[in-house]
Amino acid sequence: MPDPIRLGIAGLGTVGAGLVKIVQDHAELLAARAGRRVEISAVSARSRGRDRGVDLSPYSWEDDPVVLARRADIDVFVELMGGEDGPAKASVEAAIAAGKHVVTANKAMLAIHGQAMAEAAEAAGVALRFEAAVAGGIPCVKTLTEGLAGNRMRRVMGVMNGTCNYILTRMESAHLPYDEVFEEANALGYLEADPTLDVGGIDAGHKLALLAAIAFGTRVDFAGVELEGIERISITDIEQARDMGYRIKLLGVAQMTGRGLEQRMSPCLVPAKSPLGQLENAMNMVVLEGDSVGQIVLRGAGAGEGPTASAVMGDVMDIARGYVLPVFGQPARTLESAPNARAAAPAPYYLRFSLMDKPGVLAKVATALGDAGVSINRMRQYGHADTAAPVLIVTHTTTPDALAHALKGVEATGVLTAAPVAIRIEEV
């Protein structure tokens, strides 16, 4: 049997400890499948004395992850610290410069520095793999770079943040307001230290930018992702969307258009009976559409010790087998910068208006929509209290520009008692 492949693991949190468990518990299975043993030479973390539920005594300890990355007795540097800069970036760059393969779960770092790191890794002849950075245990990176390599991709979309999906589905099932479920998710440890990374769509936006680069052969462009979080979604929107046959999801969509690359991460309505509409709790789903394969759906756990460590180990196993592929599916030097295209594709929209309870108010709203070329597909008015009357409208397909013009027209009528809510409906 060939020499073992030796790992240096930086970061021993939930995922790092999970990776150690896999190496320790499945040593014979890994050796049989990789054709060589997988061993851990050294580890690094912030605190040496913390109990992580695994035996670290067989391994050397390095306080500095950069020193770990340069050790002569490791072949693969596994970066599980997180953070777009700082020790994570410095240690990955040191590993590549030292001729080490790299496996990382760090979507923020790659979304910002991925192009430069890919060029450096490919010039050094080493692998830089990041399956665990996107949708946890779902093998969507491998599917795009390998399984669908013969397709021209048409669209990539998905629910890529389990915390947001948990909040939205919990609001619906328990009939609870956003603020209450947010605090519940925080108490359960689902939220990042900076919650806006989750509920603001930033975490999911990082993932979408990485998938878009692979799917469309472009440089990673996180700055080009249109971001809108779930903070404005109310229990009213969730329940009334459900009454009309939809569910609200924080949905990422990327597609190449004649104007450039469109990337958006925002709340959307999806049909309740669609695969995305049936996705519950903290699960993730990625939908890939290619010209030859059509549409395929990948569903699974998007985070957690086991699923994410499983994705890391999948990358390690490919390196152990000798697979060194271009980081984003084709040589980094051939990736081109695509113009940013704001969302312009026509779609139906869900609109919620809070209107004055006076005669002729609905007629004014309908006229303002019609003057902007936005036609009404369905409309529903609910019981009201005091002087405000809630009205829901589902439009026929229209453009974002026409909708924006229509909403300005409605606001100009003076019949609104609160700001209107408009959410795109994505047909999947």
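The values are calculated or read from the model by the stated rules, or taken from the named source; none is laboratory data. None of the values given here were measured: they were computed from a predicted structure. Every residue, glycine among them, receives a Cβ derived from its backbone with ideal geometry; neighbour counts consider all protein chains shown. Please note that ligands, DNA and RNA were not included when accessible areas were found on the heavy atoms of the full protein model with its side chains. Shrake-Rupley method; radii C 1.70, N 1.55, O 1.52, S 1.80 Å.
Over the chain, the fraction of Cα-Cα pairs per 10 Å bin, rounded to whole percents and listed from the shortest bin up, is 4, 21, 28, 23, 13, 7, 4, 1, 0.
A 25 angstrom limit on the alpha carbon distance is what I want to check against. Which of K142/K273; K273/K408; K107/K249; K107/K273; K21/K100 exceed it? Write out the running numbers ahead of the final one.
Working: K142/K273 28 Å; K273/K408 33 Å; K107/K249 21 Å; K107/K273 31 Å; K21/K100 23 Å.
Cα-Cα > 25 Å for K142/K273; K273/K408; K107/K273; rest within.
The tail of the calculated P(r) for segment 1-152, taken as Cα-Cα distances beyond 29 Å, holds 14 percent of the pairs. Measuring nothing but how far apart in sequence close Cα pairs (under 8 Å, 6+ apart) lie, relative to its length, the chain scores a relative contact order of 16 percent. Between the listed residues G158, F216, M117, the Cα displaced farthest toward the positive end of the dipole of segment 106-218, a dipole computed from Cβ unit charges relative to the Cα centre, is found at F216. Compute the angle between helix 86-97 and the longest alpha-carbon principal axis of the chain, please, reported from 0 to 90 degrees and rounded to the nearest 10. Tilt of helix 86-97: around 50 degrees.
DSSP finds beta bridges in the chain, and of those with both partners inside it, around 65 percent are antiparallel. With a cut-off of 10 Å between beta carbons, the residues surrounding G245 carry a summed charge of +3, where Lys and Arg count +1 and Asp and Glu -1. Rounded to the nearest 20 debye, the dipole size of segment 78-136 about its Cα centre is 120 debye, using +1 on the Cβ of Lys and Arg and -1 on the Cβ of Asp and Glu. Taking Cα atoms only, the orientation of helix 162-174 departs from the longest principal axis of the chain by about 40 degrees. Entry for segment 108-241 at q = 0.09, 0.19 Å⁻¹: log10 I(q)/I(0) = -0.33, -1.10, Debye formula applied to identical alpha-carbon scatterers, no solvent contribution. For the pair A149 and R46, label points projected 7 Å from Cα toward Cβ lie 4.0 nm apart.
Which one, P420, N377, A406, projects farthest toward the positive side of the charge dipole computed for segment 371-428 from Cβ point charges (K/R +1, D/E -1)? The residue sitting most towards the positive pole is N377.
If you count only protein heavy atoms with a 1.4 Å probe, what accessible area per residue comes out for the chain, rounded to a whole Å²? Can you show the working numbers first?
Numbers: 17630 Å² over 428 residues.
Per-residue value: 41 Å².
Taking a point 7 Å out from the Cα of D55 in the direction of its Cβ, the residues of segment 1-24 whose backbone N falls within less than 16 Å of it are 20-24.
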